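Q: Dropping a structure here in structure tokens format, bear with me for questions.
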């Protein structure tokens, strides 16, 4: 009888304990986001501009991420000292305990949500550490991210191929998304390479029809890479929206990018990269004014998109 009573009490207490732990993780996640958006403000204060989401190095290589550019502002000086923004991130290394390691393989605690279940390093073909994922992505806008034909960027808070300033955010800092959560190791379609204008998908099944080359688990695993499928998000679909596509009888919840930034000179980077989290019911997001909000996944799609544009002149605010 005593054992049965104890079992009942444990069964009653366990959900409360789990809820308390999730609340603590969510608060810690929000604190990380607060550090990230504070770093953006410190960067803007010193540089008089916002960092580019992605930009081609002046010498060679793959473009650094916004998250890499603000390393000094989150006090990750040991990593930032090894960064040379003139060349691509694949050439950046640091010495640790007498061994040379790629900067991209280091875990940046500020960039990871404590609820992320895939908090582990990605290895290369030889089994050596190569990349580490992230949980907080920059707002790249609604759908079009970068046009290599004319250098035009998307409508988000941060632009690919160019810098912007707070004065460019005509919708107001308090009404514009800066960062939101993403899930590490997200499957994604890439490099369809369709030229010309692409209409934004109205339903998630349209993504499956577009297709491309499917990478089953490497999206948002490279915090150094400024391309949208690795360190950004778009508001094509609302938070935690399922984009289910089947490949070889396996169903994946996918992202999509028509062409990775900087890979070609003719195909535009259109992207449906959804904000997702492991928190039940929604995602943590940071607005450009520095405030942190938990956005319910049931938010209206149009409102979510309005919040992502920097100069759409919409009257939009995150629901309390």
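Derivation of every value follows stated rules applied to the coordinates shown; laboratory data play no part. Here the structure is a predicted model, which is why all the values come from computation and not from measurement. Reconstructed Cβ throughout: ideal geometry from the backbone, glycine too, with neighbour counts over all protein chains shown.
Q: Which shape class, rounded, prolate or oblate, goes with the stretch 29-125 when its Cα gyration tensor gives a ≥ b ≥ c as root eigenvalues, a/c under 1.5 marks rounded, and past that a/b bigger than b/c marks prolate?
A: oblate
Q: Could you list 143, 304, 54, 185 in order of exposure, starting from the residue whose Cβ has the fewest other Cβ atoms within 10 Å?
A: 185, 143, 304, 54
Q: While we're on this one: Go ahead and run the numbers for FRET between residue 302 and residue 128, Cβ-Cβ distance against an R0 of 35 Å, rounding to 0.05.
A: 0.15
Q: Per residue and in cubic angstrom, what volume does the convex hull of the Cα atoms of the stretch 127-223 have?
A: 151 Å³
Q: Between 207, 250, 40, which gets the highest mean-square fluctuation from a Gaussian network model of the chain, Cα cutoff 10 Å?
A: Residue with maximal mean-square fluctuation among 207, 250, 40: 250.
Q: Classify the stretch 182-320: rounded, prolate or oblate, from the alpha-carbon gyration tensor (a ≥ b ≥ c, eigenvalue square roots; a/c under 1.5 rounded; otherwise prolate if a/b is larger than b/c)?
A: Because a/c hits 1.5 or more and a/b exceeds b/c, the stretch 182-320 counts as prolate.
Q: Relative to the present Cα-Cα distance, how much length would full extension add between residue 173 and residue 214 at 0.36 nm per residue of separation?
A: Going from the current span to full extension adds 11.2 nm.
Q: Over the chain, what is the mean sequence separation of C-alpha contacts under 8 Å (at least six apart), divided by residue count, expressed as relative contact order in percent?
A: 21 percent
Q: How would you rank 27, 144, going from fewest to most other Cβ atoms within 10 Å of each one's own Cβ?
A: Taking fewest neighbouring Cβ atoms as first place, the list is 27, 144.
Q: Can you compute the FRET efficiency between residue 48 and residue 313 using 1/(1 + (r/R0)^6), with r the Cβ-Cβ distance and R0 = 35 Å? Round to the nearest 0.05.
A: The formula returns an efficiency of 0.90 here.
Q: Which of 172, 154, 78 ends up with the largest GNM mean-square fluctuation for the chain, with Cα atoms connected below 10 Å?
A: In this elastic network of the chain, the residue with the biggest mean-square fluctuation among 172, 154, 78 is 78.
Q: I've got another one for you. Would the stretch 230-290 count as rounded, prolate or oblate if I go by the C-alpha gyration tensor, calling it rounded below 1.5 in a/c and otherwise prolate when a/b exceeds b/c, oblate otherwise?
A: Here the stretch 230-290 falls in the oblate category.
Q: If you don't mind, there's one more thing I want to ask. What FRET efficiency comes out for residue 117 versus residue 195 if R0 is 30 angstrom and r is the Cβ-Cβ distance? Round to the nearest 0.05.
A: The formula returns an efficiency of 0.20 here.
Q: Given (i) 37, 27, 17; (ii) 34, 21, 18; (iii) 30, 24, 22, which label gives semi-axes √(5λ) of the Cα gyration tensor in Å as computed from the coordinates?
A: The calculated read-out lines up with (iii).
Q: What residue among 153, 213, 231 has the largest mean-square fluctuation in a Gaussian network model of the chain, using Cα springs under 10 Å?
A: Result: 213 has the largest fluctuation of those listed.
Q: Modelled label-to-label distance, residue 90 and residue 251, 7 Å Cα→beta-carbon offset: nm?
A: 3.7 nm
Q: Sticking with this one: Which ordering of 110, 216 is given by a fewest-first count of other beta-carbon atoms within 10 Å? Can you show the working numbers first?
A: Working: 110 20, 216 14.
Starting with the residue having the fewest Cβ neighbours, the order is 216, 110.
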